[in-house]
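The values are calculated or read from the model by the stated rules, or taken from the named source; none is laboratory data. These numbers were taken from a predicted model, which means no experiment stands behind them. Cβ placement follows ideal geometry from the backbone for every residue including glycine, while neighbour counts extend to all protein chains displayed. Protein only, heavy atoms only, side chains kept; ligands, DNA and RNA dropped before computing areas. Shrake-Rupley method; radii C 1.70, N 1.55, O 1.52, S 1.80 Å.
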Amino acid sequence: MPNVFYNSFFSDRLNGNIDLMADAIHCMLVTALYVPDPDLHAKRSDVSNEVQESGTYKIGGRALENKRVEQDNENDQAVFRADDLVWDQTTMRARGLVLYKARGGQASLDELIVYLDFGKDIVSTNGKFILPWNDEGLLILGS
């Protein structure tokens, strides 16, 4: 399945409800059973089939660290980047991830941003689960 921006993200962004740099942006992992719906899914509570807790992975995932935006004038776009994520001592299988704005409380308040499909399952067995971001960036916004 291709990557999917949730339609609510566009209105949340334009209304000032989501600021990728200032807000706590979290990453949660989901299994291949999750099917994103860009029209109907708007809050973290709409996301099903999150991977189970294992090792240092906890429900809701974790915050992105060292977020940055780079302007790319050659391609007329902006690139959103963050440090790679690593969870230690995990046994899990994930097919994709969901980025969302974490408000620090109920899942029904956390706004969804994007679903990113890995293209295949990533598996760890009592080891490190490493999520390296694409060299081109985590999110690319532009023409």
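For this structure, a couple of remarks:
- Some residue of the stretch 98-111 being of a type in the set (Asp, Glu) and more than 27 Å from residue 10 (Cβ to Cβ): no
- Residue ID - farthest from residue 106 (Cα to Cα), chosen from residues in the stretch 35-60 that are in a loop (DSSP other than H, G, I, E, B) and in contact with a His (Cβ under 9 Å, 6 or more places away or on another chain): 47
- Count of residues meeting criterion [over 13 Å from residue 99 (Cα atoms) and part of a loop (DSSP other than H, G, I, E, B)] in the stretch 68-87: 6
- Each residue in the stretch 92-134 was checked for being in a strand (DSSP E or B), free of Cβ contacts under 8 Å to residues at least 60 places away in the same chain, more than 16 Å from residue 32 (Cβ to Cβ) and open to solvent by less than 50 Å² (accessible area, probe 1.4 Å), and 1 pass.
- The residues of the stretch 2-24 that are under 12 Å from residue 115 (Cβ atoms) and aromatic (Phe, Trp, Tyr), listed by number, are 5, 6, 9.
- The stretch 1-34, residues that are in a loop (DSSP other than H, G, I, E, B) and either among the polar types (S, T, N, Q) or open to solvent by 90 Å² or more (accessible area, probe 1.4 Å) (or both): 1, 2, 3, 15, 17, 31, 33
- Among (1) in contact with a strand residue (DSSP E or B) (Cβ under 9 Å, 6 or more places away or on another chain); (2) open to solvent by 70 Å² or more (accessible area, probe 1.4 Å); (3) acidic (Asp, Glu), the one test that residue 37 misses: (2)
- For the stretch 106-143, filtering for residues that are at positive phi, in contact with a strand residue (DSSP E or B) (Cβ under 6 Å, 6 or more places away or on another chain) and not polar (S, T, N, Q) leaves 2.
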